[in-house]
Amino acid sequence: MRRTTVRSAVLWLSAVGLLGACGGVTEQQGEDVLTTEAQGLIAAPPTPLGSFTTYASPLAVGGAVQSSTGLTPGYEGFKLTVAAHTQVQLEVTHLGSSMYLDTGLFVYGPKDASGSYGNQVLFQDDDSGYGELSKVSLATLDKAGEYLVVVGWNNAAGKQYRLQASCVGGACVPNPQPASASQGLTLVEAPVDAGLQATLANANTYREDMFSYLRKFDFAWPYSTPSTVDAAAAAVLARNEYAGYRTDSAPQTFAYANLQARMYWQFQPLHPALLATYADSGEPVQVKSYYRFFQTGPNGDNWRTLNVIFFPRSFHVIVYEQTAHEI
């Protein structure tokens with residue numbers, strides 16, 4: 001939801017600038033002031049996704065499509081075919097879109113052998129773009145295949161819109177150059193897989209003094225040389241919510257296989273599940289682990305471990321934090 005010219009990210013997606021973007025047309029922001037009415041969030045389309053998937057038009061990485069909303073609230077789908085580990089920015093652009101249009105963006109897929117894109121929303125945004133237009137700053141598409149990008153709208157009245165798909169990293173970069181040794185990471189948070197969330201939630205019911213947390217971040221990577229687990233850990237620790245771990249003077253770095261023995265037993269099913277969900281076969285996944293201990297007066301002692309799990313080929317950073325406290 002947005003009023004007047006307030007520009008804020010909604011739901012789980014942070015609107016961040018990405019360096020090294022390639023492909024597509026660069027959006028030029030004017031100096032005009034947009035004034036809008038307050039609008040509700042655009043809901044994800046009902047599942048199953050419906051007949052609009054049958055008539056979905058193609059959308060190419062590095063290209064754009066022009067379309068119109070019709071006269072009633074609704075949705076329109078577009079087919080985006082990519083190689084594995086393609087990273088794109090999806091945006092309903094100011095250029096080519098009607099004033100005061102309110103949109104939502106939703107990404108599903110890839111399409112399976114039965115022709116279904118599934119029911120899980122991989123990425124979504126309401127109005128991180130210009131005015132009340134939508135923008136997914138970074139969508140990392142792990143598997144090769146056909147994805148469904150859905151544009152939704154509430155205030156229709158025959159308005160026009162333009163949907164653009166720009167390459168920002170990964171497999172769609174035609175001639176990637178080596179990264180500099182000091183190249184940092186800009187993390188963009190994305191939702192954790194629903195199955196992993198269910199496994200975590202179940203494990204968190206076992207003991208009232210032990211809890212674990214999962215977060216998923218992606219980073220745009222248009223370079224030929226991989227980043228490092230140290231860069232990933234630095235980007236995580238730069239976030240204020242993890243500032244308490246900066247005092248650990250001796251963090252440990254190890255292969256992902258060694259993480260399972262360090263997890264509380266009720267959370268160990270997450271270990272193979274994380275790898276199956278996010279890693280390539282044979283991907284050299286690494287972990288950098290931080291520890292902190294602190295006292296909370298009459299509430300007892302607390303032990304916490306922050307594990308930064310780095311996927312160099314899949315461009316994911318998983319934060320697995322486990323906590324324990326005295327009761």
Practice problem: Could you figure out which of (1) touching a residue at least 24 places away in the same chain (Cβ under 8 Å); (2) part of a helix (DSSP H, G or I); (3) within 24 Å of A190 (Cβ to Cβ) isn't true of A243? | Solution: (1)
Practice problem: Give the number of residues within segment 134-153 that are open to solvent by less than 10 Å² (accessible area, probe 1.4 Å) and closer than 15 Å to L101 by Cβ. | Solution: 3
Quiz item: Among the residues of segment 271-279, is any under 23 Å from A194 (Cα atoms), part of a strand (DSSP E or B), in contact (Cβ under 8 Å) with a residue 40 or more places away in the chain and within 18 Å of the chain's Cα centre (by Cα)?
Solution: no
Practice problem: Identify all residues within segment 90-116 that are surrounded by fewer than 24 Cβ atoms within 10 Å (Cβ to Cβ) and either among the charged types (D, E, K, R) or under 18 Å from the mean Cα position of the chain (by Cα) (or both); write none if there are none. | Solution: V107, G109, P110, K111, D112
Quiz item: If you go through segment 217-238, how many residues are open to solvent by 40 Å² or more (accessible area, probe 1.4 Å) and either farther than 23 Å from R313 by Cα or β-branched (V, I, T) (or both)?
Solution: 2
Exercise. Can you work out which of the residues in segment 302-319 that are more than 16 Å from S289 (Cα to Cα) and crowded, with 22+ Cβ neighbours inside 10 Å is nearest to the chain's Cα centre (by Cα)?
Key: H316
Quiz item: Which residue out of R2, R7 is modelled with pLDDT under 95, surrounded by fewer than 18 Cβ atoms within 10 Å (Cβ to Cβ) and either touching a Phe, Trp or Tyr at 6+ places or on another chain (Cβ under 8 Å) or in a loop (DSSP other than H, G, I, E, B) (or both)?
Solution: R7
Practice problem: Check M263 against each of (1) crowded, with 18+ Cβ neighbours inside 10 Å; (2) free of Cβ contacts under 8 Å to residues at least 40 places away in the same chain; (3) over 22 Å from A190 (Cβ atoms) and name the one condition it does not meet. | Solution: (2)
Exercise. Please state which of the following conditions T253 fails to meet, knowing it meets all the rest: (1) farther than 13 Å from I309 by Cβ; (2) in a strand (DSSP E or B).
Key: (1)
Quiz item: With respect to A179, is the statement that it is modelled with pLDDT under 95, closer than 21 Å to F310 by Cα, of a type outside the set (D, E) and surrounded by 17 or more Cβ atoms within 10 Å (Cβ to Cβ) true?
Solution: yes
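Looking only at segment 299-325, how many residues end up being of a type outside the set (A, V, I, L, M, F, W, C) and in a strand (DSSP E or B)?
Residues that pass the stated criteria total 11.
The values are calculated or read from the model by the stated rules, or taken from the named source; none is laboratory data. Nothing here was measured: the structure is a model prediction, and the numbers come from that model. Glycine also receives a Cβ, built like all others from the backbone with ideal geometry; neighbour counts cover every protein chain displayed. These accessible areas exclude ligands, DNA and RNA; they are computed on the full protein's heavy atoms, side chains included. Shrake-Rupley method; radii C 1.70, N 1.55, O 1.52, S 1.80 Å.
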